[in-house]
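The structure appears right after this line, and notes come after that.
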Amino acid sequence: MNAAPRLCICVCLALLGACQVPAPSEQSPEERPNIVLIYADDLGYGDLSSYGATQVQTPAIDQLAEEGILFTDAHAPSATCTPSRYALLTGEYAWRREGTGIARGDASMIIEPGRATLPSKLREAGYTTGVIGKWHLGLGGEGGPDWNGEIKPGPLEIGFDEAFLIPATGDRVPTVYVENHRVVGLDPNDPIEVSFREPVGDEPTGRENPELLKMHPSHGHDMTIVNGISRIGYMKGGTAARWVDEDMADVITEKAVQFIDKHKESPFFLFFSLHDIHVPRVPHPRFVGKSGMGPRGDVILQTDWCVEEVMKALDQHGLAENTIVIFTSDNGPVVDDGYEDQAVELLGDHAPAGVLRGGKYSAFEAGTRVPFILKWTEQVEPGTSDALVSQVDLMASLAGLSGVSLAPNEGVDSFDQLPTLLGESITGRDYLIEHNAAGTLSIIKDSWKFIEPSTANPYNARTDIELGNNPEPQLYNLAEDLGEQHNVASDETEKLEELSSLLETIKSDGRSRPSN
Ligand code: NG6
Ligand code: CA
């Protein structure tokens, strides 16, 4: 429904005295909106038709945008997965902590149990909380997960009531699902062994047995072969528990729908963390060849299908109106991320990053500026917002919405940006920090962007991505130069000084949200 009829109905109901929707924090727990956060992987600013793509159509996500707010300047906290997810869930920038880079498949849990998180705050407010899909934040204590026993700590120890996980990524072993504390379908007589250092067992590898592959690596990804695809890392055992990549979207979407069915009576928070469109891109056969852009385009269609199914489930239970649905991505796009899947050859005129420079891993805008759509039919007027927003603020904002506040030491970089997220304000953040794969930080304020000097690689030839690292300071005027083509650092020295010293303060303070 567009704004005018909705307003009209509201006025009419108001005359009948029935339109008083209490502010969310005043609502009783049962009346609070459900929250579904759909987190795509590696989906770029230009990968959706609602964000200007023409070669691929994403009608279900476009419908969210039509009925909700489409943000044009929303950011993941980092340009890769693990640190973005860390900041999303803890409300603290990952670059403040050691060991929060892209996690290995057998990494131990990087968020300390008991710590306040986005799910723990919502749980405090009476929500039932669940995570389904990609985790990639490590599992288990020191020494990593015990794949054959109780896998703990994990999401259940930081505020989730239920978890069904792809433990790391699709391209890393072990290629098994974990439900709550256990590997799903594990035969105890066929235990799992994993190593990222040396081969375990005698299973074929992509390096030695390329003839067994249905998808070949372009770089890395040449170790144990599972389902005809070689992965990062070696594994043996767990044969009955191994996933089938083609079914992954179906499996996790079914779990998401079941979660909604099960908890339809009370407010729930579902973190639905998609595998798509990360490598290996292996769509279900019903999507194969449908985009004309090869697997990368086909899994974008599959992503849209996942959203459609979740929306259908909400609709079926009459929950679509009072559920906040947020759709966004953990970092920017990459075309060749390590497999020969024809993504480069079949890209055509499609621009995964839209008008932005760089991509996944990069300090340039495409690294972190991602699609971000929020729909809440009951309370939010549809529209577009150019406000500067960050996923790191979801913790304070959604906690605030549900009536709980953060203690000074919780979510130290998370600001309550609810009015902006709900479209009641266009102010947005005062400034925003970006973080690339090399650890380079950038800061944006008043449309000026400063990228701190870095001697790390400026360009990755394998992924063909400009990483934005430069030994010289960089300053861009995004209002006039969104494509970051003109470094004006030497002309705008005052601006450069203002932004670089603000960045230094934010770094050295150890927090950015004031403690009082
Ligand atoms: C890189 C992998 C890449 C991807 C990335 C993590 C190689 C050569 N590249 O190291 O394929 O897995 O890590 O992506 O191994 S992320 O979206 O989970 O951060
Ligand atoms: Ca990612």
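Coordinate-derived values only; no laboratory data. For clarity, every value in this text was computed on a predicted model and none was experimentally measured. Positions of Cβ are backbone-derived with ideal geometry, glycine not excepted, and every protein chain shown enters the neighbour counts.
Values as computed for the structure displayed
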quantity	calculated
Global geometry of the stretch 432-509, whether rounded, prolate or oblate, following the gyration tensor of its Cα atoms and the 1.5 cut on a/c	oblate
The chain, relative contact order [Cα under 8 Å, separation at least 6], %	22
Value of relative contact order over the stretch 193-236, rounded to a whole percent, pairs C-alpha under 8 Å and six or more apart	46
Cα lying deepest toward the dipole's positive end in the chain, options 45, 86, 268, charges on Cβ	268
For peptides 399-407, 486-494, sequence by mean Cβ density within 10 Å, most packed first	399-407, 486-494
Cut-off 13 Å, label 7 Å out along Cα→Cβ of residue 72, residues of the stretch 37-65 by amide N	51-52
Axial C-alpha extent at least 15 Å, average Kyte-Doolittle at least -0.5 - helices from the chain (DSSP)	3-15, 248-262, 294-316
Shape category assigned to the stretch 385-440 from the gyration tensor of Cα positions, a/c cut at 1.5	oblate
Euclidean distance of C-alpha centroids, the stretch 235-257 and the stretch 32-48, integer Å	21
The stretch 308-345-the stretch 355-370 distance, computed between alpha-carbon centres (Å)	19
Separation between Cα centres of the stretch 66-84 and the stretch 489-516, rounded to whole Å	22
Structure-based [θ]222 nm, the chain - -39500 (n - 2.57) summed over DSSP H runs of at least 4, per residue, nearest 500	-6500 deg cm²/dmol
Distant-in-sequence amide H partners of residue 129 (H built 1.01 Å from N, under 5 Å)	161, 162, 269
Whole-number percent relative contact order across the stretch 445-516, with pairs defined as alpha carbons under 8 Å at least 6 apart	27
Subset of 236/312; 121/152; 121/495; 449/507 violating a 28 Å alpha-carbon distance limit	236/312; 121/495
Ordering of 54-61, 328-335, 475-482, 158-165 by burial proxy (mean other Cβ atoms within 10 Å per residue, highest first)	328-335, 158-165, 54-61, 475-482
Residue 498/residue 266 FRET efficiency (R0 30 Å; Cβ-Cβ; nearest 0.05)	0.05
Vicinal HN-Hα couplings computed from phi for the stretch 134-150 (Karplus, 6.51 cos²θ - 1.76 cosθ + 1.60; Hz; Gly/Pro x)	5, 9, 6, 10, x, 9, x, x, 3, x, x, x, 9, 4, 9, x, 8
Segments 95-103, 222-230, 298-306 sorted - mean Cβ within 10 Å per residue, highest first	298-306, 222-230, 95-103
Prolate/oblate/rounded call for the chain, Cα gyration tensor, a/c under 1.5 rounded	rounded
Hz values of 3J(HN,Hα) by residue in the stretch 414-426 - Karplus curve (6.51, -1.76, 1.60), Gly and Pro given as x	9, 9, 6, 10, 3, x, 6, 5, 8, x, 7, 9, 10
